[in-house]
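**Q** Below you will find the structure I want to go over with you.
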Amino acid sequence: RTVAVNDAKLRAQVEGYLLERKFEEGDDIEQGAELFIIDPALYEAGVAAAEGKVAQTKAALSRANKDLARYRTLIQKQNVSQQKLDESESDKLQEEANLKSAEAALQKARIDLSHTVIRAPFRGRIGRSAASVGELVTPQSDPLARLVELDPIYANFSVSERDVIAAKR
């Protein structure tokens, strides 16, 4: 019996409607080839919103840095209270933390957008497609297709216990 070294059940990592299937069932597929396209519109909007949040947070951080510099100058002249300077330092730290969170959200949005294109993880033969164009797919859906690597493969042999004992003698 022969068994593939790599045998992958391809699944959607994001939810959306299947826009395209870019292969014929039974085709030999190259590694990295596009296999399925899930509607990216929602995820493109998510990237745009996250980019806006990053820009907004950068602007708030810039303001916090300017305020802090101004309060440091004013504290030397005793024109502002120490409490106001402390609040300004805290605001700056908070905006830095907000920027890190916004950048992480942007990175996640970009990753989700990249998952709208399902690519072949290795070279092999693709089986029957379990999803049709227009169908809603989710990460919990059944596998969309199965990709099996043809080279190399394992050869498995079934040997009876009697033959194993005889070979050991």
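**Q** If we keep just the residues of region 110-125 that are of a type in the set (A, V, I, L, M, F, W, C) and modelled with pLDDT of 95 or more, which is surrounded by the most Cβ atoms within 10 Å (Cβ to Cβ)?
**A** So, considering only residues that are of a type in the set (A, V, I, L, M, F, W, C) and modelled with pLDDT of 95 or more, the one surrounded by the most Cβ atoms within 10 Å (Cβ to Cβ) is ILE118.
**Q** Also, quick follow-up: Only one of ILE29, ILE37 is β-branched (Val, Ile, Thr) and under 30 Å from ASN156 (Cβ atoms); which?
**A** The unique qualifying residue is ILE29.
**Q** For region 126-167, enumerate the residues that are out of contact with any Gly (no Cβ under 9 Å at 6 or more places or on another chain), hydrophobic (A, V, I, L, M, F, W, C), modelled with pLDDT under 90 and part of a loop (DSSP other than H, G, I, E, B).
**A** Matches in region 126-167: PHE157, VAL159.
**Q** Which residue is nearest to LYS100 (Cα to Cα), if the candidates are limited to region 57-68 and must be open to solvent by 20 Å² or more (accessible area, probe 1.4 Å) and either touching a Ser or Thr at 6+ places or on another chain (Cβ under 7 Å) or in contact (Cβ under 8 Å) with a residue 40 or more places away in the chain (or both)?
**A** My answer is LYS58.
**Q** Further question on the same structure: Only one of (1) in contact with a Leu (Cβ under 7 Å, 6 or more places away or on another chain); (2) outside any helix (DSSP H, G or I); (3) closer than 30 Å to ALA145 by Cα is not met by GLN31, so which one is it?
**A** Only one criterion in (1) in contact with a Leu (Cβ under 7 Å, 6 or more places away or on another chain); (2) outside any helix (DSSP H, G or I); (3) closer than 30 Å to ALA145 by Cα is unmet by GLN31, namely (1).
**Q** While we're looking at this one, here's another question. Within region 27-51, take every residue that is open to solvent by less than 40 Å² (accessible area, probe 1.4 Å) and among the small types (Gly, Ala, Ser) and give me the one that is nearest to LEU113 (Cα to Cα).
**A** Step by step, filter region 27-51, then rank; the result is GLY46.
**Q** Return the residue satisfying two criteria in turn: it lies in region 69-100 and is under 27 Å from the mean Cα position of the chain (by Cα) and without any contact (Cβ under 8 Å) to a residue 12 or more places away in the chain, and of such residues it is farthest from VAL47 (Cα to Cα).
**A** Checking each candidate, the answer is ALA97.
**Q** Here is a list of conditions, (1) out of contact with any Asp or Glu (no Cβ under 6 Å at 6 or more places or on another chain); (2) open to solvent by less than 50 Å² (accessible area, probe 1.4 Å); (3) assigned to a helix (DSSP H, G or I); (4) not basic (Lys, Arg), and SER90 meets all of them except one; can you say which number that is?
**A** So SER90 meets the others, but not (2).
**Q** Of all the residues that make up region 96-149, how many are within 17 Å of ALA48 (Cβ to Cβ) and polar (S, T, N, Q)?
**A** The qualifying residues number 3.
The values are calculated or read from the model by the stated rules, or taken from the named source; none is laboratory data. This is a predicted model, so every value here is computed, not measured. Positions of Cβ are backbone-derived with ideal geometry, glycine not excepted, and every protein chain shown enters the neighbour counts. Ligands, DNA and RNA are excluded from the accessible area calculation, which covers all protein heavy atoms including side chains. Shrake-Rupley method; radii C 1.70, N 1.55, O 1.52, S 1.80 Å.
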